[in-house]
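Nothing in this text is a laboratory measurement; each read-out follows from the coordinates by a stated rule. Owing to the predicted nature of the structure, the values given are computational and were not obtained by experimental measurement. Cβ coordinates were reconstructed from backbone atoms using ideal geometry, including for glycine residues, and neighbour counts include every protein chain displayed.
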Ligand code: FES
């Protein structure tokens with residue numbers, strides 16, 4: 001199966017590969033797996049506590065080219081976004097941007113789940129500090 005140009009680009013030049021210290025207060029970590037294929041994705045965000053804006057993101061994905069491209073794309077997209085905006089990101093937007101074929105849609109769902117999990121993790125760490 002042929003990958004789209006954008007998938008190949010992200011796959012060959014993945015953005016924001018790596019990880020932050022999980023214990024860091026400003027970091028939210030999302031770790032998800034796809035039962036269908038066994039691929040695993042870790043996505044992390046670093047959040048400015050004062051503004052609630054995501055300033056940086058990292059990922060590590062053990063999976064197919066589409067999963068790597070999806071997570072790379074998401075780390076680019078969420079920078080500068082608020083937590084709400086990041087949590088509202090849809091896998092369909094990722095699939096559309098990367099022109100993923102139907103059999104690779106679950107790879108983009110993995111990225112959506114990962115960013116949501118990262119936002120939740122950050123929020124859980126800060127439930128005391130947040131009022132609304
Ligand atoms: Fe499962 Fe891509 S084949 S994440």
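Table for the structure above
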{"quantity": "Ordering of 78-88, 36-46 by burial proxy (mean other Cβ atoms within 10 Å per residue, highest first)", "calculated": "36-46, 78-88"}
{"quantity": "Contact order relative to length of the chain, as percent, for alpha carbon pairs under 8 angstrom and 6 or more apart", "calculated": "30 percent"}
{"quantity": "Contour minus Cα-Cα distance for residue 49 and residue 93 (0.36 nm per residue)", "calculated": "13.1 nm"}
{"quantity": "Tilt relative to the chain, helix 105-125 - C-alpha long axis, 0 to 90 degrees, to 10", "calculated": "10 degrees"}
{"quantity": "Highest average packing first - 18-25, 112-119, Cβ atoms within 10 Å", "calculated": "112-119, 18-25"}
{"quantity": "Computed helical MRE - 222 nm, the chain, DSSP H runs ≥ 4 contributing -39500 (n - 2.57), nearest 500", "calculated": "-13000 deg cm²/dmol"}
{"quantity": "0 to 90° range, to nearest 10: angle between helix 65-78 axis and the chain longest Cα axis", "calculated": "30 degrees"}
